[in-house]
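The next block holds one structure in the form of structure tokens; read it before the comments.
Values in this text are rule-based calculations from the coordinates and carry no lab data. Everything numeric here is computed off the predicted structure, so don't read it as measured data. Cβ atoms come from the backbone with ideal geometry, glycine included; neighbour counts cover every protein chain shown.
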Amino acid sequence: MPAVEFHFDFGSPNAYLCHLVIPDIEKRTGARIEYVPILLGGVFKLTGNRSPAESLAGIKNKPDYEQIEMDRFLKRHAITRYKRNPFFPVNTLMLMRGAVAAQTLGIFERYVDEVYRHMWAEPKKMDDPAVLRAALDESALPTAQLFELVQRQDVKDRLMANTQRSVERGTFGSPTFFVGDEIYFGKDRLRDVEEAIQG
């Protein structure tokens, strides 16, 4: 079975929706999808890309169509735990460094679940340090340790290295999947990802 990677940033609502669907794909295929934290702002700088909030601004019809596709996806996968974050876009630097720190502490999966919940199921302004602290406390995560670790140079460097390597492999946004060496971008490619795993 090929190695399967999910390159994600908490700031992407589409990455969150993929996160909700991934467990079903793993059950159906027997694959284990590895989560790789990257910094979307870094990806945009390295590739010259912009967020959809910027690139779709002022365009007639396309944002409306994107919402139609979002609604279709939510219905297809029976997703009810999603709300648009009223503070979007949120600076995710601390959150993504926190993901790397959580790997160090052995609490990565729980950290990812909880931060995603606070971003897109029960939306909060997660780039406000006080809000972030309260959210981590509510989730019974080691807030003090995480806040200490995100300041460490090795944690910062690992996130930067993840981001750089991801871009070198072809990433220009999030969510991005790799099945072996094949790249797939966006939540609408999940069917292709599953087919590639099974193929």
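Highest GNM mean-square fluctuation among D154, D71, D127, for the chain modelled with Cα contacts below 10 Å: D71.
Between R76 and V131, the simple label model (points 7 Å from Cα in the Cβ direction) yields a spacing of 3.1 nm. Stretched out straight at 0.36 nm per residue, the stretch from Y65 to E138 would grow longer than its current Cα-Cα span by 22.6 nm. Counted by neighbouring Cβ atoms within 10 Å, the residues F178, F87, F73 run from fewest to most as F87, F73, F178. In straight-distance terms, cross-link reach from K62 covers every one of the lysines whose alpha-carbon lies under 25 Å from its own, apart from those fewer than eight places away in the same chain; here that gives K45, K75, K83, K187.
Between D192 and E34, what FRET efficiency follows from the Cβ-Cβ distance if R0 is 22 Å, with the result rounded to 0.05?
Values: r = 18 Å, r/R0 = 0.82.
Result of the calculation: an efficiency of 0.75.
Taking every C-alpha pair closer than 8 Å and separated by at least 6 residues, the mean separation divided by the residue count of segment 72-134 gives a relative contact order of 42 percent.
Each DSSP beta bridge with both residues in the chain is either parallel or antiparallel, and the antiparallel ones are about 60%. Note on R165 and T104: the extension gain reaches 20.0 nm, defined as 0.36 nm multiplied by sequence separation minus the Cα-Cα distance.
Over the chain, calculate the relative contact order: mean separation of alpha carbon pairs under 8 Å at least 6 apart, over the residue count, as a percent.
36
Sorted ascending by nearby beta carbons within 10 Å, beginning with the fewest, M96, M70, M1 become M1, M70, M96.
From the Cα gyration tensor of segment 103-199, with a ≥ b ≥ c the square roots of its eigenvalues, which class applies: rounded if a/c is under 1.5, or else prolate if a/b is larger than b/c, or else oblate? Don't jump to the answer; show the numbers that get you there.
Details: a/c = 2.36, a/b = 1.63, b/c = 1.44.
Taking the square roots of the gyration eigenvalues as a ≥ b ≥ c, segment 103-199 is prolate.
For Q145 and S51, the difference between the fully extended length at 0.36 nm per residue and the C-alpha to C-alpha distance is 30.7 nm. For segment 1-53, the set of trypsin sites (Lys or Arg not before Pro) satisfying both a DSSP loop assignment and a count of at most 16 other C-beta atoms within 10 Å is given as R32, R50. For a straight C-alpha distance cut-off of 13 angstrom, the aspartates and glutamates reachable from K156 (same-chain residues fewer than eight places away being disregarded) are E148. In the elastic network of the chain, a GNM with C-alpha springs shorter than 10 Å, the most mobile of A101, A31, A53 is A53.
From the helices alone, meaning DSSP H stretches of at least four residues, give me the mean residue ellipticity at 222 nm for the chain, per-run term -39500 (n - 2.57), in deg cm²/dmol to the nearest 500. Working shown, then result.
On the way: 10 runs with 108 residues, N = 199.
Computed ellipticity for the chain at 222 nm equals -16500 deg cm²/dmol.
Sorting H118, H7 from the fewest to the most surrounding beta carbons within 10 angstrom yields H118, H7.
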